[in-house]
Amino acid sequence: MTGTVQGVGFRPFIYRLAKAHGLSGYVKNLGNHVEVLIEGERADIQNFLIDLPEKKPPLARIKEIKVKTITFSGFQEFIIVHSEPGIFENSIIPPDTAICEECRLEIFDPSSRYYHYPFTVCTNCGPRYTTVRTLPYDRENTTMADFPLCEQCEVEYTDPLNRRYHAQPVCCSKCGPEIWLSDSKGKLIAKNYGAIVKASELLEQGSILSVKGFGGFHIACNARKDGSVKELRRRLARPEQPFAVMAKNMEVVESFAEPGDAGRKCLMSVRRPITVLPKSKNFSLAESVSPGLHNIGVMLPYTGTQNLLFDLAPDSVYVMTSANLPGRPMVVENEEALEKLRGIVDFHLLHNRVIANRNDDTVIRVVNGQRAFIRRSRGFVPEPVELPFEVEAAAGVGAEMNSTITLVKGKLAYISQYIGNTSHVETFRYHNEVFEHLVRLTGIEPLNWGCDLHPSFNTTGFAMNRGGEKTLQVQHHYAHILALMADNSLPVDSRILGIALDGVGYGGDGTVWGGEFLGSSYFGYERLGHLLPQPMPGGDLAVKNPSRMVLGMLSGRLGEAELEELPLYFPRGKQEFSTVMQQLQKNINISMTSSTGRILDAAAALLDICKMRTYEGEPAMKLESAAKKSTQWVDLPLVFRKRGDPAVPVLDTTELLLGVYELSGGKYSSADLAFAVEEGLTKGISEIAISLARKNDFDRIGLSGGVAYNDHISSGIARYLKEAGFELLMHRHVQCGDGCISFGQSLVAGLGIDSERTR
Amino acid sequence: LEHGAGGEVMQALIGEIILKNFRNRSAGSIGLDSLDDGSTVRLENFNSASELVLTTDSHVITPAFFPDTNIGRLAVSGTINDLTVMGAKPLALTCAVIVPEGFPIHEFEEIIKTMDETAAEVGVPIITGDTKTVEKTALDSIILNTAGLGITDSPVRDSGLKPGDRLLVTGTIGDHGISLMAHREGFDFETDLVSDSAPLWKLIEPVLKLRTPEGEPVVTAMKDPTRGGIANALNEMAAKAGAGILLEEDLIPYKPAVTAACEMLGLDPLEVANEGKAVIGVKAGFEEEVISILRQHPYGKDAALIGEVTAENKGEVILRNRFGGMRYVDMPAGDPIPRVC
Ligand SMILES: [Fe+3]
Ligand SMILES: [Mg+2]
Ligand SMILES: [Zn+2]
Ligand SMILES: [Zn+2]
């Protein structure tokens, strides 16, 4: 058998299955596949083969089963053959998964020795990656080494017929980790199940708690109490950023959100990601949980503690946001929680199992009917992504925001958990730690290093320091498209027209890109088209305040008096308005950008949907939410131009925004116009893509970048392309946003391409 | 060559072309290789621990007149300050002028008078010089070069920071760069912000005399944060010392007009030029005393503690905000490039 059949409890499963069917023989791990020999009655063997794919462990994925009949040799029993040395039996670390149904039933069963014990696990469930300190993956190399097995646990751990056979985190209330509740200063309030009961009461009353989980801390509060949520916002100084929530089961989720089939499947998966769902019409949670958005991030309980909490308050919904400042590493240690969450939480629900690997919740959104990773972390990391071709050992170190690290070798790519914004000192240090850890766990020593082109990124410096001459700078949007190609298993000689739509990335010509059409292969790219470069008055300040983009985009077309009348916002009022106007006239601290994100931001500001960006993507996300409410179709002017030498097609985004300006205040609502801007971009981008693909003989077109999370834009491009006879490739296993950059970089490094055409 | 190339580009030019080709580059304990604000000259035949300090600086600035002064004050102050931050008492200055034909004579005279007034503030004579005129087409404004000679018995190097030292600044940051930009580009920031250009010898002199009970100088390192602002100065100091610098954002003094202008233009005030300020490293425990001495002088009335030197984060400058969040203060590299995605 090949596939994901190692490190997922596969051999004990085969053992138990064979026993159940009265078969003898053996199961043996051969590194890249598992060999099973079975002897017995024909009917039993057939039933065994039927049960095999149906009853397999939750994380196992069987790619292929080759069945061969051989001479009978007369095995007396069924055995697990221990691997020969050299076979990396214990080198595969599974991701963390939700507590399984059998364990869950045990913690609610008064007659079980696991009754009310939150750390109950078995071969099929529980924390894995977050516990691993080093390899091989044996208990003594995990954070469970601090908890020697008691006699009873030892028996279960060593019995191949037991569900807990060789499950490294096995433990019970006698020998395992403990949970307790403390006040904000660390003073003990209650222990064991009593701590969970008390925590539940506090949450119901409106307190704000920290809750330690598998890969870090959550901050929890009651999502039905507007006062609690607002208080949490005040304490975190996070006025608008949406909070994820957790609810007991699908029934409760359906009381405030509309999961749909794809959403339901995501939510209920054993990997338990946060799934971003549309709010339902009778949305019953506090409005402050995800203000100004049509959707909300939801997850189901995955730890024992969470299950016990929701058992006590079955109808409740709790905010469960990771305990960190935006872009900084989440809190993982008890002492750290007491210190860093001082003034933020009232109580701490702590435990004494150390977290070896920080791992944020994975976030998924259904886009164009498919699963799109906003963040790929807990439940998925460190599962490798399979490459369509072989590469040398290499590293990709990421961009800056939403960073990840990727190590590749052979046909496997190991993409790290979510790291965060590496411009922050703490996050950059964490980035470096994750790198060391990933090298240790995969044994991959990079020969080449891929990094961004941006000269000021800390990650660029990191790669240069480590890699020296072996460092290859990869253009940001090309890295997006490379990641997309490999994500779709395109073979090494493939060509694709890549559409990369995002915030900003440093371009090959020294300007800032973000709305790009890149004719790409694994060996280089050509910029075949883009959005019209627009001025960013004040550089990054124009990201924080999209009103500045509006002035930049329209100042060539409207007079100062007309611009002054626009419903824009400047923190320093009229004086700032004049300053920006002068900045534009005199070209002071102006960068030019072809970014798509900035156009969406500008539209959000012009339509009075979002003034200041208080979290990543806010204006564009609110624009999308507003557009959902549109009732009338409006066509905005699509103007295409030619720019550069050789001349390439360019979509004139000023004309789009001007169209919005001319129609606003009339019979169309801001929702109608929000929809129209998205639709105009979608149509304009699709038209350029189709004509470029036809002209340059591309039969594949793909989409990457953070704007691809916009369902209207992604689905729209897919639809326009389909009408023209093209299928749109989107991401499947890795993020559309900058989480995929390290993956793309690692491919250039892995193929060892040092070329002008990749920069 | 790029015009106005700063930071890393200029470093490369100096390292790869100038230092490589000058073969004899040292006359005392501090030579050209130190790339300090000046270098020292040993007095071979004297029985003295003292060394001379020599420095030179050329000044081009458009326009030559700006609020509240002109290029003359900038040139004299710049050279006096280069001597001052080497810990040297200024002894004498030179004045070389390159001026395009047609430059108004009365403006020329005003510049010369300003040079005289500035030098008189610290009692330094201007003792030699040179004047050239060039064709109108070769130059659009005046160029001044001033060299300075000073003397010290314990030169202060910009590499002298040690972990634990405290970092001070002698006043508000960014005044010169912002006032000049406002004047040159016609920004109306509704303020009376003026260039801080000033000779600092009298301000710094009393601080240089301070000794610890063990007899060591209290001042460990000094630099004048001109082009590239304190971001550039501190990065150089951290790199040369092989130590880290941790700045506290809330402690750094700014004039409200500078904060406002930077917030409206998207500039980092740490990267804005100063012409009458010094960053000073002092031994821990002496910061209060040094600040109180500095504050007695008009040029030091806003002197403040801004951070400290750390053993970790070697060669890096980190800015910590009031919430404890930390970011790197990079070496300025030309124009800032947007990075927020
Ligand atoms: Fe990107
Ligand atoms: Mg100098
Ligand atoms: Zn289980
Ligand atoms: Zn036990």
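The values are calculated or read from the model by the stated rules, or taken from the named source; none is laboratory data. In this text the structure is predicted, and so the values were computed from the model without any measurement. Positions of Cβ are backbone-derived with ideal geometry, glycine not excepted, and every protein chain shown enters the neighbour counts. Heavy atoms of the whole protein, side chains included, go into the accessibility calculation; ligands, DNA and RNA do not. Shrake-Rupley method; radii C 1.70, N 1.55, O 1.52, S 1.80 Å.
Can you name every one of the strands (runs of 3 or more DSSP E) wholly within segment A:480-563 that holds 3 or more residues which are under 29 Å from A:Phe743 (Cα atoms)?
Working: elements: A:495-506, A:512-521, A:524-531, A:534-537.
Filter on segment A:480-563 gives A:495-506, A:512-521, A:524-531.
Scan segment B:316-341 for residues that are under 20 Å from the mean Cα position of the chain (by Cα), more than 7 Å from every other protein chain (Cβ to nearest Cβ) and open to solvent by 30 Å² or more (accessible area, probe 1.4 Å) and jot them down. Quick ask: steps written out before the conclusion?
From segment B:316-341, those under 20 Å from the mean Cα position of the chain (by Cα) are B:316-317, B:329-334; that's our starting set.
Checking which are more than 7 Å from every other protein chain (Cβ to nearest Cβ) leaves us with B:316-317, B:329, B:331-332, B:334.
B:Glu316, B:Met331, B:Gly334, listed by residue number.
Are there helices (runs of 4 or more DSSP H) fully within segment A:586-680 with at least 1 residues that are open to solvent by 30 Å² or more (accessible area, probe 1.4 Å)? List them.
On the way: elements: A:597-606, A:618-627, A:653-663.
Ranges flagged: A:618-627, A:653-663.
Out of all the residues in segment B:240-247, is one or more touching a residue at least 60 places away in the same chain (Cβ under 8 Å), open to solvent by 20 Å² or more (accessible area, probe 1.4 Å) and within 14 Å of chain A (Cβ to nearest Cβ)?
Yes.
Matching residues to (1) more than 14 Å from every other protein chain (Cβ to nearest Cβ); (2) surrounded by fewer than 22 Cβ atoms within 10 Å (Cβ to Cβ); (3) not aromatic (Phe, Trp, Tyr):
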residue	(1), (2), (3)
B:His183	no, yes, yes
B:Pro199	yes, no, yes
B:Lys202	yes, yes, yes
B:Ala221	yes, no, yes
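What's the number of the only condition in (1) among the small types (Gly, Ala, Ser); (2) open to solvent by less than 60 Å² (accessible area, probe 1.4 Å); (3) free of Cβ contacts under 8 Å to residues at least 12 places away in the same chain that A:Gly40 fails to meet?
It is condition (3) that A:Gly40 fails.
Have a look at B:Ala27, B:Ala12 and point out the one that is more than 19 Å from the chain's Cα centre (by Cα), more than 16 Å from ligand 1 (Cβ to nearest atom), free of Cβ contacts under 8 Å to residues at least 40 places away in the same chain and not assigned by TED's automatic domain parsing to the domain that holds B:Glu135.
Values: B:Ala27 fails: not assigned by TED's automatic domain parsing to the domain that holds B:Glu135.
None of the others qualify; the one that does is B:Ala12.
Within segment A:384-407, track down each residue that is within 14 Å of A:His733 (Cβ to Cβ) and open to solvent by less than 20 Å² (accessible area, probe 1.4 Å). Break it down stepwise before answering.
Going residue by residue through segment A:384-407, those that are within 14 Å of A:His733 (Cβ to Cβ) are A:384-388, A:404, A:406.
Residues satisfying the conditions are A:Val385, A:Leu387, A:Thr404, A:Thr406.
Which ones in segment A:179-197 are open to solvent by less than 70 Å² (accessible area, probe 1.4 Å) and closer than 18 Å to A:Tyr115 by Cα? Walk me through how you get there before you give the answer.
Taking segment A:179-197 first, the residues open to solvent by less than 70 Å² (accessible area, probe 1.4 Å) are A:179-184, A:186, A:190, A:193-197.
Those that are open to solvent by less than 70 Å² (accessible area, probe 1.4 Å) and closer than 18 Å to A:Tyr115 by Cα: A:Ile179, A:Trp180, A:Ala190, A:Tyr193, A:Gly194, A:Ala195, A:Ile196, A:Val197.
If you scan segment A:100-138, which residues turn out to be surrounded by fewer than 19 Cβ atoms within 10 Å (Cβ to Cβ) and within 16 Å of ligand 4 (Cβ to nearest atom)?
Passing the criteria: A:Ser112, A:Arg113, A:Tyr115.
Considering (1) in contact (Cβ under 8 Å) with a residue 40 or more places away in the chain; (2) open to solvent by 10 Å² or more (accessible area, probe 1.4 Å), say which one A:Leu412 fails and leave the rest.
All conditions are met except number (1).
Among A:Gly524, A:Gly510, which is the only one that is open to solvent by 20 Å² or more (accessible area, probe 1.4 Å), more than 16 Å from ligand 2 (Cβ to nearest atom) and at positive phi? Can you show your working first?
Numbers: A:Gly524 fails: open to solvent by 20 Å² or more (accessible area, probe 1.4 Å).
A:Gly510 is the lone residue from the list that is open to solvent by 20 Å² or more (accessible area, probe 1.4 Å), more than 16 Å from ligand 2 (Cβ to nearest atom) and at positive phi.
Is at least one residue of segment A:99-111 out of contact with any strand residue (DSSP E or B) (no Cβ under 9 Å at 6 or more places or on another chain), in a loop (DSSP other than H, G, I, E, B) and within 16 Å of ligand 3 (Cβ to nearest atom)? I'd like the intermediate steps shown before the answer.
First, pick out the residues of segment A:99-111 that are out of contact with any strand residue (DSSP E or B) (no Cβ under 9 Å at 6 or more places or on another chain): A:101-102, A:104-111.
With the extra rule that they be in a loop (DSSP other than H, G, I, E, B), the set shrinks to A:108-111.
Those left that are additionally within 16 Å of ligand 3 (Cβ to nearest atom): A:108-109.
There is at least one residue in segment A:99-111 that is out of contact with any strand residue (DSSP E or B) (no Cβ under 9 Å at 6 or more places or on another chain), in a loop (DSSP other than H, G, I, E, B) and within 16 Å of ligand 3 (Cβ to nearest atom).
Can you tell me how many residues within segment B:42-98 are on the phi > 0 side of the Ramachandran plot and open to solvent by 40 Å² or more (accessible area, probe 1.4 Å)? Steps first, please.
Filtering segment B:42-98 down to residues on the phi > 0 side of the Ramachandran plot leaves B:87.
Retained after the next criterion (residues that are open to solvent by 40 Å² or more (accessible area, probe 1.4 Å)): none.
Total meeting the criteria: 0.
Residue-wise test of (1) open to solvent by less than 30 Å² (accessible area, probe 1.4 Å); (2) at pLDDT below 95; (3) away from chain B (no Cβ under 14 Å).
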| position | (1), (2), (3) |
| --- | --- |
| A:Pro446 | yes, no, yes |
| A:Trp449 | yes, no, yes |
| A:Thr460 | yes, no, no |
| A:Arg466 | no, no, yes |
| A:Val474 | yes, no, yes |
| A:Leu482 | yes, no, yes |
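Could you tell me whether B:Ser179 is open to solvent by less than 20 Å² (accessible area, probe 1.4 Å), touching a residue at least 12 places away in the same chain (Cβ under 8 Å), in contact with a Lys or Arg (Cβ under 6 Å, 6 or more places away or on another chain) and closer than 24 Å to B:Val76 by Cβ? Walk me through it before giving the result.
Working: open to solvent by less than 20 Å² (accessible area, probe 1.4 Å): yes; touching a residue at least 12 places away in the same chain (Cβ under 8 Å): yes; in contact with a Lys or Arg (Cβ under 6 Å, 6 or more places away or on another chain): no; closer than 24 Å to B:Val76 by Cβ: yes.
Spelling it out, it is not the case that B:Ser179 is open to solvent by less than 20 Å² (accessible area, probe 1.4 Å), touching a residue at least 12 places away in the same chain (Cβ under 8 Å), in contact with a Lys or Arg (Cβ under 6 Å, 6 or more places away or on another chain) and closer than 24 Å to B:Val76 by Cβ.
Looking for something part of a strand (DSSP E or B) and of a type outside the set (Ser, Thr, Tyr) - is there at least one such residue anywhere in segment A:224-236? Can you show your working first?
If we filter segment A:224-236 for residues that are part of a strand (DSSP E or B), which is where we start, we get none.
The answer is no; no qualifying residue exists.
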